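Below is one structure, written out as structure tokens; comments come after it.
The values are calculated or read from the model by the stated rules, or taken from the named source; none is laboratory data. Treat the numbers as computed from the prediction; the structure is a model and nothing was measured. With ideal geometry, Cβ positions are generated from the backbone for all residues, glycine too; neighbour counts draw on all protein chains shown. Heavy atoms of the whole protein, side chains included, go into the accessibility calculation; ligands, DNA and RNA do not. Shrake-Rupley method; radii C 1.70, N 1.55, O 1.52, S 1.80 Å.
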Amino acid sequence: MDKHFDHAAHESEIYWLWEENGVFNPDNLPTANNNRPFSIIMPPPNANDPLHIGHAMFVALEDVLIRYHRMIGDDTVWIPGTDHAGIETQFVFEKKLQKEGKSRFNFDRKTLYQMIWDYVQENSGVAIEQMKSLGASADWSRYKFTLDPDVVEKVLDTFEKMHTDGLIYRGRELVNFCTHCGTSYSELEVVHKEQVSPLYYVKYPLAEKPSKFITVATVRPEPIFIDTHLAVNPNDPKRKHLVGQEALNPITGERMPIISDEYVDPEFGTGIVKITPAHDPNDFRVAKKHSLPIREAINTRGKITEAGGKYAGMSVAEARKAVVADLTAAGLIEKIDEKYVNRVGTCYRCGRVIEPLPMAQFFVKVKDSQNNLTEKVLALLDEKKVKIHGAGREKILRHWLDNLYDWNISRQITWGIPIPVWYEIKGYENDIEVGFINDSGEYVYGSLANLLNDYQLSEIKKGLQQVVAAENVPYIISRTEPAAKEYLPETDTFDTWFSSSQWPVLTLKTNKTGDFDRFYPTNVMETAYDILMFWVMRMLLMGVYLTGQAPFRDVYLHGLIRDKKGQKMSKSKGNTINPLSMSETYGTDALRMALIVRSTAGQDKNIDERDFIAMRNFANKIWNASRYIIMRFSQNPQYILYRGQKPTSSDTVGDTNSNFHLQLEEKAWDLSRSLQNLRLGVAADQVYNDFWHWFCDECIEENKAGKLPDEAILDGLITFLKLLHPFMPFVTERVWQELRAAELVSEPLLITTSWPVDIHDQKDNQT
RNA sequence: GAACUCGUAGCUCAGUUGGUUAGAGCGCUUCGUUGACAUCGAAGAGGUCAGAGGUUCGAGUCCUCUCGAGUUCACCA
């Protein structure tokens, strides 16, 4: 054996040894107890992205659990997958197009989809290969991609079922729209940022006495021209007399009735609010309540609509300037509070301001009176059917569930699963807008009624890019084009999370026959806490809907990996740690151990190159302790073919030896308990200290001094290799092969040996 | 404004239902290369566990308050 463990020389060979023997697939392990399933569904990384340190974290943690459960004889499976990551991927692809001087508007939908598909295929092997190099003992024969045809079919099944059950509906609601990214988002994708916005005090003439004014404070003067109503609080003694009166729109001069609603805060501004239903969530609610007209001033490109007259076509910012200038000229600006601070919704992707726009889209009803999904999930939490591990995150989850709005699942992007809906054309030509590439390769957009004057429907369909159907247009759900009448397809795709939220069900139902019954509900869902709401919460909602059960029993939320100073890692800061290069330099075992040791669920972890060095040294310690013992035995021919059986008390040298075995077993139990309780950071710390500071520092030294027999020390090594294996799989397996070569052990692979203590035995005895 | 998390050795962090001299890594001091490992070993310095009060036979661990750090949420135009 070499003096130092050379990870680079052994790792890929060892991984290949495992793969070749098929040990990741539970179907090949007949010794596993079929009554004790243990399954983890891997959080699928983006198919076309290289792994970052967070991915290394999940691989390390989940692989520890998987290897441990495999060794204790559970029927263990880790199902890997990758995600098409709709918006992220399309965004990256569009950047690529941009570099080539093109944009998504140059291609019809089908062509663009195919281009992205090819692009993703080119890169999709990267994530998988990297996970393998991190030692992931996942069952690759069960690998799934979120756009696999069988997965897509199941997602469409879910959509149809929920639609039939009334849990998915199409409605014209105010959605969070990013005019730059060109798509709507759910409430989770909106980042509220504090900013200084001038607050304009605008004077409105009273209809009866135009020489008298009332003043309204607003940060959004630009859509004033479509405003139809003002509102005051019905209990506001100073202003309730205004109810029923009318003011004049300061831009258009239209009469504006003044209504009353509780939502108006008499203390804020002037106590009078202008109602802009189409572009403010509160106003939208008020408008629905009072049946006010919903007139749009801003379109999906962030420009002022035709209704804007002279302002039409301006951007929101330009229009604001122009409107304020006109109001000022007319003497209708009373004052401007330049220091006013408010919170504005911005796009999590591009950081630009989100425009609330009324659009007809598909929503998941989360609080249906017949089938209240949030209540069901809360009940699961109450009954402890699902346990959240991670520093108070359960309360945050509960708070979200209590306050959740319906989930907008329509996205105006191409890269995703198309929503299987077709809109009827005849009689609704005026209610459908269409964007398409005509036969001359030009992008054309307009109402279908107008376009049909110049184009054949077939040409429109051929180059189809976008269909925007009003709420009243009838639709049918179908995976293929219906033949009965003329239809245009929905061009929106599902929110990526709509399919991801079904992932535990999808992966098990589209895999080998019987997998669903065998492994559902899964045991542990392990992921970063920052996607608790995006993913975990929605998996609970969808899981309980589809199966009546939680999709997993334990949720382990790991923290973010930060740099030495506790700063978030980001490419722009240049403080990222590439897990693959750390793995190359210090070894995968060192990388994994450094991430796990003393980590706590839900708590961020600062990490530094020194941590990897320390654990590289630990791997070397394991190597050298083994080297000492192997050398000791190889120098002594009588030990050959020693099988590692526990020496009986009769072959011991007094009390030291039996005491040694007692302690060894106790340490194995302690470690097992930590692993059972998902205290992985503690477990790693325990095994580190037990091995180094007890086994090496004390026991091996005692052996050198002749106080502990060689059989005992070999026994200890074998036990510790097993205990260490889930954390540091490569060096331990490599040492095992050395032991085998020296005929000190007989089992071919450490990965499939049994755990030193029988954790189930004790459990069974207790019950 | 609210919720959540954290404040333990010089630095980065562990420390299951409260229980003997509070731990690790790195750093620091002194010594050690007689073949497992200098990617090491031995010995050691260093903490009134943010502060105050309370519960208890006993609190880093539970409760209250204060201070400080961070995260998230919130419809005030």
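List of remarks:
- The string of couplings for the stretch A:175-192 from the Karplus curve (6.51, -1.76, 1.60, θ = phi - 60°) is 10, 8, 10, 9, 6, 7, 6, x, 8, 8, 9, 7, 4, 6, 7, 8, 9, 7 Hz, one whole number per residue in order, with x for Gly and Pro.
- Highest-first packing order for the peptide set A:135-142, A:117-124, A:601-608 is A:135-142, A:601-608, A:117-124, based on the mean count of other beta carbon atoms within 10 Å.
- Pairwise centroid distance, computed over Cα atoms, of the stretch A:132-181 with the stretch A:553-590, Å: 28
- Working note: Karplus 6.51/-1.76/1.60 with θ = phi - 60° gives the stretch A:492-502 the couplings 6, 10, 6, 3, 3, 5, 5, 7, 4, 5, 9 Hz, where Gly and Pro are set to x.
- The stretch A:1-82: C-alpha gyration tensor shape, a/c 1.5 cut-off, then a/b vs b/c: oblate
- Rounded accessible area per residue of chain A, 1.4 Å, Å²: 43
- For A:Gly313, residues with placed amide H under 5 Å, excluding near neighbours: A:Ile304, A:Thr305
- Chain A: relative contact order in percent, alpha carbon pairs under 8 Å with at least 6 residues between: 16
- Centre separation in Å (Cα based) which lies between the stretch A:474-550 and the stretch A:672-697: 38
- Here the Kirkwood formula, the inverse mean of 1/r across different C-alpha pairs, assigns the stretch A:107-236 a hydrodynamic radius of 21.9 Å.
- Here the Karplus relation 6.51 cos²θ - 1.76 cosθ + 1.60, evaluated at θ = phi - 60°, turns the backbone of the stretch A:584-593 into coupling constants of 5, 6, 10, x, 5, 4, 5, 4, 4, 5 Hz, with x for every Gly and Pro.
- Overall Cα dimensions of chain A, principal axis frame, Å, largest first: 112, 60, 52
- Pairs exceeding 28 Å between alpha-carbon atoms, taken from A:Lys154/A:Lys385; A:Lys621/A:Lys707; A:Lys605/A:Lys667; A:Lys96/A:Lys565; A:Lys95/A:Lys426; A:Lys144/A:Lys568: A:Lys96/A:Lys565; A:Lys95/A:Lys426; A:Lys144/A:Lys568.
- About the centre of its Cα atoms, chain A shows a dipole size close to 1900 debye [charges on the beta carbon of Lys, Arg (+1) and Asp, Glu (-1) only; nearest 20 debye].
- For peptides A:738-750, A:471-483, A:82-94, sequence by mean Cβ density within 10 Å, most packed first: A:82-94, A:738-750, A:471-483
- Relative contact order of the stretch A:469-611, defined on C-alpha pairs under 8 angstrom at six or more residues apart (%): 20
- DSSP finds beta bridges in chain A, and of those with both partners inside it, around 70 percent are antiparallel.
- The Cα atoms of the stretch A:320-461 give a gyration tensor whose axes a ≥ b ≥ c have a/c of 1.5 or more with a/b no greater than b/c, which makes the shape oblate.
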